[in-house]
Amino acid sequence: MTQHSHVIGRAMLITYYFPPAGGVSVQRMLKFARYLPLYGYLPTVVTLDPRYAAYGATDTALLNQLPPEVRIVRTRAWDPFSLYARVQGLQKKDVVSTCFASEGTPGWKQEAARWIRGNVFLPDARIGWVPYATRAAHRLLRAEDFRVVMTSGPPHSAHLVGSALKKRTGIPWIADLRDPWSDYYYNRFFHQSGLAGFINARLERRVLLRADAVLSVSESIGRRLRAKAPVRRYETLYNGYDPNDIPEVPQPAKRGGRFVIAHVGTYAEQRHSEAFVKAVSRLGTEVELRLVGHVHESVVASFRQAGLGGSLVTIPHVPHRDAIAQMARADMLLLPVERSDLNTGIVSGKVFEYLSVGKPVLGIGSPGGDAASILRETGGGAMFDHEDAQGMHAFMLDHIQQVRDGRPATPADKQALSKYDRRIVTRRLARIMDEISSQ
């Protein structure tokens, strides 16, 4: 092995999203595959053949992060997104995006397609991958000695693969839920019937009961999962950041120009705050809003209607390496969280990447949520309620004044941030694998 000489055993990682898919959804399992060899586990990744994929973005350069001993097994899939697109008269690439950021205002065709997606394809529209992934994974288990299987979702249909393998073989199995499942906010956009919601909740409960360990990315999500079923073991493993992704010397924003507030990633309608628009409007032409990635059309319209069109710069989705560079070049980073009863538990990997580049983070979401706690703990920013225009304005104005005075922003505390290093998070995963596979 190139990274570690002592191999404890093989681990099978099952995930729909994996490079060449791009975006935030691939990072968690990519980093686990990258760093598990450091702790004695040789990963085999079971994922999708890109020819059958429904990806919102691609980033082939991410594959270069994997050590050569990591094997990737790619399978076919039946893809309901092709039907979903045809119903709307669109190309598949135009409807495969995160949080409906590319779909615009839905017409009747989109509403009908969403109903089909939410009531026919359960638990999600990637269900057509499950039989192919299950067969491929079962063949691997018969041919080789694996100590543990791990599934990661969304799409939560990936956990049906793990559940089937557990039932057939008894292999120790970890179910990793990066987002909530049956009670996630976006289910309401699919107009799920009571029956569909019941089936979805039953599928979720079966997974929670059958898995040897259940993981999530925040304490709040974990509490909700444990309230649904008596799980055998639960652990919170935050997403974290990879120091190897961060430029050694962060690129400063250009002086003499405007104060750059950047959002990098998907900016969905459900995350937008009119109070933030109002707060920025009060700052005049001093601010540049730089939105990098998929942005819902209503978000762009909101800024323009407020007279901020001259301050707005939109940049399409960029590879992960360039996304980190965009973060490093900003003066401040914007972190809007969905308006939802569950938003207290939303802690994306972007939180940690933002903090790792040393720029102040303006969060919009629940001031009492998990992401807010991390911002306070690291001293890297602050979280404001979606309606708190005054608080957001004061926060931005204070940092603009720092730039005027030539005082650099205070970065997040490195010691507090260090426990979210992807390598440390992966070490914790390896220990969980040790314990459930030795029972």
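The values are calculated or read from the model by the stated rules, or taken from the named source; none is laboratory data. Owing to the predicted nature of the structure, the values given are computational and were not obtained by experimental measurement. Positions of Cβ are generated from backbone atoms using ideal geometry, with glycine treated the same way; all protein chains shown enter the neighbour counts. In case anyone asks, the SASA skips ligands and DNA or RNA and just uses the protein heavy atoms, side chains included. Shrake-Rupley method; radii C 1.70, N 1.55, O 1.52, S 1.80 Å.
Restricted to region 26-42, and to residues there that are buried (at least 22 other Cβ atoms within 10 Å of the Cβ) and over 21 Å from the mean Cα position of the chain (by Cα), the residue that is farthest from ILE436 (Cα to Cα) is PRO37. Scanning region 43-59 for residues that are open to solvent by 10 Å² or more (accessible area, probe 1.4 Å) and outside any loop (DSSP other than H, G, I, E, B) yields a count of 4. Sort out which residues of region 265-297 are under 22 Å from the mean Cα position of the chain (by Cα) and open to solvent by 10 Å² or more (accessible area, probe 1.4 Å), and write them in order of number. Answer for region 265-297, where residues must be under 22 Å from the mean Cα position of the chain (by Cα) and open to solvent by 10 Å² or more (accessible area, probe 1.4 Å): GLY265, THR266, GLU269, GLN270, ARG271, HIS272, ARG290, GLY293, HIS294, VAL295, GLU297. Would you confirm, using the coordinates I've provided, whether ARG431 is open to solvent by 10 Å² or more (accessible area, probe 1.4 Å) and at pLDDT below 95? No, not satisfied.
In summary, helices (runs of 4 or more DSSP H) completely within region 320-435 and bearing 3 or more residues that are aliphatic (A, V, I, L, M) occur at 320-329, 370-378, 389-404. Could you please find all residues in region 208-253 being open to solvent by 50 Å² or more (accessible area, probe 1.4 Å), within 29 Å of ALA323 (Cα to Cα) and under 22 Å from the mean Cα position of the chain (by Cα)? Correct list: GLU219, ASN244. Do we have any residue at all in region 409-422 that's over 30 Å from GLU288 (Cβ atoms) and open to solvent by 90 Å² or more (accessible area, probe 1.4 Å)? Looking through region 409-422, at least one residue is over 30 Å from GLU288 (Cβ atoms) and open to solvent by 90 Å² or more (accessible area, probe 1.4 Å). Scanning region 298-337 for residues that are polar (S, T, N, Q), under 28 Å from TYR55 (Cα atoms) and free of Cβ contacts under 8 Å to residues at least 40 places away in the same chain yields SER302, THR314. Within region 111-153, being open to solvent by 10 Å² or more (accessible area, probe 1.4 Å), of a type outside the set (Gly, Ala, Ser), closer than 16 Å to GLY9 by Cα and not in a loop (DSSP other than H, G, I, E, B) holds for LEU140, LEU141, ARG142, PHE146, ARG147. Within the set ALA416, ALA382, ALA372, ALA409, the sole residue that is at pLDDT below 95, more than 30 Å from GLY9 (Cα to Cα) and in contact with a Gly (Cβ under 8 Å, 6 or more places away or on another chain) turns out to be ALA409.
Here VAL313 meets each of (1) farther than 21 Å from GLY363 by Cα; (2) among the hydrophobic types (A, V, I, L, M, F, W, C); (3) open to solvent by 40 Å² or more (accessible area, probe 1.4 Å) with one exception, condition (1).
Only residues that are surrounded by fewer than 22 Cβ atoms within 10 Å (Cβ to Cβ), in a helix (DSSP H, G or I) and in contact with a strand residue (DSSP E or B) (Cβ under 7 Å, 6 or more places away or on another chain) were counted across region 156-207, and they come to 1.
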